[in-house]
């Protein structure tokens with residue numbers, strides 16, 4: 001017979017540890033697995049945070065760098081602003097950083113696109129003026 005087992009080989013119940021000050025005693029139930037309790041959200045107990053589309057805005061903004069340009073950056077900016085409006089109401093919201101990053105990337109892509117359009121316009125006017133034929 002092994003230590004900690006009864007005559008049939010089953011584990012003997014162990015005494016629960018003494019509870020700490022201010023904590024209720026925990027019951028140890030043999031034969032059932034212990035599962036971690038899910039975390040509901042941040043802030044006050046029982047209060048969750050609303051979902052945002054910050055990830056969608058970030059994906060659109062990053063895609064606008066490589067393909068789509070201003071056509072994807074503008075919707076990404078709109079969705080990011082909506083997500084920021086939600087995350088500003090809940091300090092410590094987990095999507096706040098993603099929404100701000102999407103907004104920054106969208107503005108950079110929009111600015112670079114406008115600079116590119118302006119550059120093409122200036123080069124077009126310069127080329128037309130240098131040809132000498134009006």
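Taking the condition at pLDDT 95 or above, surrounded by 11 or more Cβ atoms within 10 Å (Cβ to Cβ) and touching a helix residue (DSSP H, G or I) at 6+ places or on another chain (Cβ under 8 Å), does residue 74 pass? Talk me through it step by step, then tell me what you get.
Details: at pLDDT 95 or above: yes; surrounded by 11 or more Cβ atoms within 10 Å (Cβ to Cβ): yes; touching a helix residue (DSSP H, G or I) at 6+ places or on another chain (Cβ under 8 Å): yes.
In short, yes.
Would you say residue 69 is surrounded by 14 or more Cβ atoms within 10 Å (Cβ to Cβ) and in contact (Cβ under 8 Å) with a residue 40 or more places away in the chain?
Working: surrounded by 14 or more Cβ atoms within 10 Å (Cβ to Cβ): yes; in contact (Cβ under 8 Å) with a residue 40 or more places away in the chain: yes.
Answer is yes for this residue.
Need the failing condition index for residue 97 against (1) part of a loop (DSSP other than H, G, I, E, B); (2) surrounded by fewer than 13 Cβ atoms within 10 Å (Cβ to Cβ); (3) under 12 Å from the mean Cα position of the chain (by Cα), just the number. All conditions are met except number (1).
The values are calculated or read from the model by the stated rules, or taken from the named source; none is laboratory data. It should be emphasised that the depicted structure is a prediction, and the values quoted were computed from it without experimental measurement. Here Cβ is always computed from backbone atoms with ideal geometry, including for glycine, and neighbour counts include all displayed protein chains.
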